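Structure, as structure tokens:
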Amino acid sequence: MTDVKALAQERQQMFVNVYRGKIPTRIPINSILSLEACIEYAGANQAEVLWDMTKAEPIFEKVNTDFPADTPAGGTRRYPSFYQILGSRPFVMSSEGVMQHPNVQGMEPEDYDDFIAAPYDTMIEKIYPRLYTELDTDPNTKALILAKAMRAHGDEFALLAQIGARMRAKFGFASIPSSATTAPFDFLADFLRSFTGICSDIRRYPDKVIAACEALTPILIKKGKLPVPSKIGVTSIPLHMGPYLRTKDFEKFYWPSLKKQVEVLTEMGINVSLFVEHDFMRFLDHLSELPENTILRFEYGDPKLVSEKLGSKFIISGFYPVMLLHTGTKEQCIDKAKELIDILAPGGRYIFNTDKGAMDMHGNITENLKAVIEFVREYGKYDNPDEPYDLSKDPMPPAEKIVAEIEANLNSKYYQTWEQYRANHPELEGRPQEVIAKKIKKLEDDMFNFIINLGS
Amino acid sequence: MDRLLLLTQAISDLDEEKVFQILDELIAENPSDEEVQEIVAACQRGMIIVGELFDSDDYYVADLIFAGELMSKAVEVLKPIICSRKKDTIGTIVLGTVKGDLHDIGKNIFKGMAETEGFEVHDLGIDVEPDVFVAKVKQIEPQIVAMSAVLTIALNSMKNTVDALKKAGLREKVKIIIGGNPVTEDSCKRIGADAFTTIAGEGVDICKKWIVNSIA
Ligand code: B12
């Protein structure tokens with residue numbers, strides 16, 4: 001076996017063990033450099049790379065070589081190509097070439113009732129033409145614009161997947177399917193009602209906000225499904241608005257739909273990875289209600305308290321202040337890594353990561369990050385690893401069944417399950433149904449993922 | 001007037017219905033100039049309590065934002081009376097969130113409070129280029145330039161804006177105040193502004209003092 005293959009296997013087993021709550025051979029180290037930071041490191045032009053991701057491949061190679069973490073560097077889902085085609089308001093490229101999110105509001109308070117009844121359709125009919133100016137046009141032009149944008153969206157992600165596969169082969173990364181989705185309240189707040197709008201809504205129409213979150217929950221569960229059936233996989237959910245709410249508003253508006261979402265995704269055999277943004281120390285008891293082995297990446301707060309309260313049930317990550325890598329000395333950076341490892345690593349449910357991704361390469365981060373990765377790789381070896389967890393004994397989780405039920409109840413005139421489609425197309429009688437079903441379903445799902453991606 | 005206390009209380013409780021019920025009642029009674037001033041002051045006292053509740057962790061950002069919304073709605077309701085009564089505005093402010101920064105909630109709270117105090121506020125919006133500040137200052141010759149920023153990197157834009165005003169020979173003609181969570185005494189000095197604050201009401205008081213002093 002080549003070194004790279006052995007490394008891939010070691011990493012695969014490390015992650016499998018951690019995700020199953022077992023002690024791995026050593027602490028997995030997440031890559032912490034954002035795509036922007038990688039581009040800066042390679043001295044390339046931000047806008048040029050984002051517009052042409054083939055240029056990212058040598059950049060990733062360089063970064064993966066120089067900063068050998070256990071997961072590949074870079075990646076984004078915000079490409080200027082489709083945002084440009086759509087005339088995006090929620091995401092615009094700044095003069096420096098960085099994708100930015102201004103305050104936007106695609107949904108009016110009057111839209112709540114329609115939205116609650118049929119969220120997917122209301123997004124397509126009313127909300128997106130407001131968020132994406134090029135869709136505010138006649139039906140033919142709109143159809144063509146959407147076709148171009150979805151093509152761009154598909155191309156970008158396909159390219160990223162190809163690059164990803166080559167990086168895996170070359171650097172021996174683990175191969176674990178992943179997906180991403182959004183918490184229902186955040187989805188409603190971010191692009192639809194806006195940060196400011198939602199703050200009024202929770203006081204003016206509290207019941208509608210709750211109903212809208214409930215209506216969104218199945219859709220955002222479906223969005224978090226893994227791209228391929230798998231016994232293991234990770235779905236990331238960044239958390240935005242929770243800490244900006246009073247505890248009693250958090251409990252009323254934010255938490256119930258998120259909890260439901262995490263529970264169902266877990267039932268689907270997925271390790272949900274929550275990016276617990278900002279300070280969640282008020283909500284540790286809430287977090288403790290989540291299913292075992294949910295991954296919690298913290299930004300701020302008290303690692304000791306988190307370890308005590310959550311460390312034996314959840315996989316903890318984050319907390320390492322990325323600013324220290326920029327501004328600190330090598331010694332300070334290593335001391336901090338040691339301090340966090342000593343608190344969080346015992347028991348094995350721990351992944352090394354920073355409190356947030358590095359957005360650029362200013363200060364001493366190049367040297368410091370290299371030193372920290374090297375340190376964690378050595379210091380993070382466990383002397384009491386568990387047996388390699390054997391996935392083959394696990395049953396296949398009922399993900400398909402759960403999602404099929406969601407799809408059957410979407411109440412959309414734009415989303416059709418295969419059964420619905422089949423019923424409307426008698427001409428398919430006697431054709432190779434299984435093959436056709438696969439294709440039709442995939443196209444519907446690609447469209448669904450594209451549409452939901454535009455909403456967050 | 002007990003109802004003014006109730007108004008302050010309703011604002012600080014973020015009780016929208018109550019706020020506008022009291023305001024409607026008060027306005028229906030056709031208040032004198034002095035009484036209108038008292039109503040405005042009562043609203044602002046409510047906002048100050050909101051700020052305190054925020055500092056003590058009883059309120060969070062979402063509550064602050066809704067308080068800002070209440071305040072600007074109150075300003076809308078009171079504006080017609082204030083405008084029809086006031087012979088002159090007490091002063092003019094050019095306001096904006098500086099280049100690179102798209103946040104405007106704090107800026108809008110300041111704007112609402114400044115307007116209720118009788119300032120004419122020219123709001124340039126968000127992501128405002130230094131040149132746009134300069135052009136507006138040339139055009140309307142305000143007494144005050146007010147800048148807002150919440151991104152730490154936008155503090156540089158504040159400095160660039162002050163430098164641009166200097167270059168255009170306008171710096172000595174205006175007072176400059178900066179606001180937003182990251183501003184500090186240090187950054188104020190570095191930027192070359194005359195005053196800084198992270199409390200909108202305090203900012204309005206500073207502006208009023210400047211106007212009074214310049215007349216005296
Ligand atoms: C709401 C919000 C948003 C909303 C903005 C909505 C809007 N219309 O403004 C949305 C979701 C759009 C947003 C976007 C982004 N945000 Co934002 N956002 C916030 C948040 C949660 C609250 C800010 C706020 O409004 N506070 C409430 C107001 C009332 O407070 P304030 O502005 O300080 O105002 C008070 C005083 O300072 C004063 N005041 C304010 N201005 C003025 C002016 C004058 C003249 C005076 C006298 C007084 C005064 O009066 C106010 C009341 O007393 C903060 C986090 C936080 N906890 O602060 C992050 C935060 C500011 N955002 C942040 C970031 C990074 C972004 C983005 C860049 C993210 C991205 N990658 O796209 C984008 C912005 C792009 C850009 N270039 O600006 C970071 C900034 C980090 C940093 N150190 O710079 C923060 C701190 C979050 C974080 N922890 O990382 N954001």
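Data for the structure
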| quantity | calculated |
| --- | --- |
| Count - residues of the range B:75-93 that are more than 10 Å from the ligand (Cβ to nearest atom) and in contact (Cβ under 8 Å) with a residue 60 or more places away in the chain | 2 |
| Tally, over the range A:192-231, of residues that are buried (at least 18 other Cβ atoms within 10 Å of the Cβ), assigned to a helix (DSSP H, G or I) and within 14 Å of chain B (Cβ to nearest Cβ) | 11 |
| Filter result (within 13 Å of the ligand (Cβ to nearest atom), in a loop (DSSP other than H, G, I, E, B) and in contact (Cβ under 8 Å) with a residue 24 or more places away in the chain) within the range B:175-216 | B:GLY180, B:ASN181, B:PRO182, B:VAL183, B:ALA193, B:ILE199 |
| Evaluation of A:ILE176 against (1) closer than 30 Å to A:PRO243 by Cβ; (2) assigned to a helix (DSSP H, G or I) (one fails), failing number | (2) |
| Cβ pairs under 9 Å, 6+ apart, first in the range A:427-456 and more than 15 Å from A:SER179 (Cα to Cα), second assigned to a helix (DSSP H, G or I) and of a type in the set (Gly, Ala, Ser) | A:LEU454/A:ALA149 |
| Meets criteria (within 14 Å of chain B (Cβ to nearest Cβ) and out of contact with any strand residue (DSSP E or B) (no Cβ under 7 Å at 6 or more places or on another chain)) for A:GLU36 | yes |
| Qualifying positions in the range A:260-286 - among the aromatic types (Phe, Trp, Tyr) and either assigned to a strand (DSSP E or B) or within 18 Å of the chain's Cα centre (by Cα) (or both) | A:PHE275 |
| Selection from the range A:345-364 of residues that are polar (S, T, N, Q) and either closer than 16 Å to A:THR294 by Cα or away from the ligand (no atom under 16 Å from the Cβ) (or both) | A:ASN353, A:ASN364 |
| Criterion violated by B:GLY96 - all others in (1) within 26 Å of B:GLU38 (Cβ to Cβ); (2) within 10 Å of the ligand (Cβ to nearest atom); (3) not assigned by TED's automatic domain parsing to the domain that holds B:ARG45 satisfied | (1) |
| Subset of the range B:99-119 [hydrophobic (A, V, I, L, M, F, W, C) and within 10 Å of the ligand (Cβ to nearest atom)] | B:LEU102, B:ILE105, B:ILE109, B:PHE110, B:MET113, B:ALA114 |
| Count of residues meeting criterion [within 29 Å of A:PRO397 (Cβ to Cβ), within 14 Å of another protein chain (Cβ to nearest Cβ) and part of a loop (DSSP other than H, G, I, E, B)] in the range A:232-250 | 1 |
| Residue in the range A:139-175 that is surrounded by the fewest Cβ atoms within 10 Å (Cβ to Cβ), counting only those that are under 21 Å from the mean Cα position of the chain (by Cα) and aromatic (Phe, Trp, Tyr) | A:PHE157 |
| Some residue of the range B:42-60 being away from the ligand (no atom under 16 Å from the Cβ), under 18 Å from the mean Cα position of the chain (by Cα), part of a helix (DSSP H, G or I) and not assigned by TED's automatic domain parsing to the domain that holds B:LYS173 | yes |
| Output for the range B:120-147, where each listed residue is surrounded by 18 or more Cβ atoms within 10 Å (Cβ to Cβ), within 14 Å of another protein chain (Cβ to nearest Cβ) and within 13 Å of the ligand (Cβ to nearest atom) | B:ILE126, B:ASP127, B:VAL128 |
| Residue in the range A:389-402 that is in contact with an Asp or Glu (Cβ under 9 Å, 6 or more places away or on another chain) and loosely packed, with under 15 Cβ neighbours inside 10 Å present | yes |
| The range A:90-121, subset within 13 Å of chain B (Cβ to nearest Cβ), surrounded by fewer than 18 Cβ atoms within 10 Å (Cβ to Cβ) and in contact with a Ser or Thr (Cβ under 9 Å, 6 or more places away or on another chain), residue modelled with the highest pLDDT | A:PRO109 |
| Residue ID - nearest to the ligand (Cβ to nearest atom), chosen from residues in the range A:65-86 that are over 21 Å from the mean Cα position of the chain (by Cα) and more than 24 Å from A:HIS240 (Cβ to Cβ) | A:GLN84 |
| Flag for A:PHE250 being within 19 Å of A:ARG282 (Cα to Cα), within 16 Å of the ligand (Cβ to nearest atom) and not polar (S, T, N, Q) | yes |
| A:ASN293 being on the phi > 0 side of the Ramachandran plot and polar (S, T, N, Q) | yes |
| Verdict on B:ASP63 being modelled with pLDDT of 90 or more, at the interface with chain A (Cβ under 9 Å from one of its Cβ atoms) and outside any helix (DSSP H, G or I) | no |
| The range B:66-107: number of residues that are in contact with a strand residue (DSSP E or B) (Cβ under 8 Å, 6 or more places away or on another chain) and either within 26 Å of A:ILE198 (Cα to Cα) or crowded, with 21+ Cβ neighbours inside 10 Å (or both) | 14 |
| Helices (runs of 4 or more DSSP H) (entirely within the range A:287-392) containing at least 1 residues that are of a type in the set (Phe, Trp, Tyr) | A:365-379 |
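The values are calculated or read from the model by the stated rules, or taken from the named source; none is laboratory data. Note that this is a predicted model, so its numbers are computed, not measured. Cβ sites come from the backbone with ideal geometry, for glycine too, and all protein chains shown count toward neighbours.
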